[in-house]
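*Asks:* Please read through the structure below; I'll follow up with questions.
The values are calculated or read from the model by the stated rules, or taken from the named source; none is laboratory data. A quick note: this is a predicted structure, and the numbers were derived from the prediction, not measured. Here the Cβ is made from the backbone with ideal geometry for all residues, glycine too, and neighbour counts use every protein chain on show.
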Amino acid sequence: MEHVKAARSFFVIRCAQIVLNLAWPHLYDGCHLSRSPQKHIRTAGFGKVDIEEFEAHELTRTKMLHGIRLVRSHISGTATK
């Protein structure tokens, strides 16, 4: 499981991810807000790729951090030869 760049339908969040990604990796140990690894996984030459893209809505139901919406978009899956 990995958090990824928000879907195009979340335009405002995507823009915020791109802008904040300038500082984000320095603050959060190399983590990037604006990457879409699913594209690279699908073209890496695996024999079978099964990726599910989803919004982890339960993250925004917590009172942890207001910025948690920036990492709500996720992928989960497997890639085999």
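*Asks:* Looking at region 23-57, which of the residues that are aromatic (Phe, Trp, Tyr) and under 21 Å from residue 69 (Cβ atoms) is surrounded by the most Cβ atoms within 10 Å (Cβ to Cβ)?
*Replies:* Step by step, filter region 23-57, then rank; the result is 24.
*Asks:* Say whether the condition of being modelled with pLDDT under 90 and charged (D, E, K, R) is met by at least one residue in region 17-32.
*Replies:* No - not one qualifying residue is present in region 17-32.
*Asks:* When the residues of region 11-22 are narrowed to those that are surrounded by 10 or more Cβ atoms within 10 Å (Cβ to Cβ) and among the hydrophobic types (A, V, I, L, M, F, W, C), which ends up nearest to residue 69 (Cα to Cα)?
*Replies:* 13
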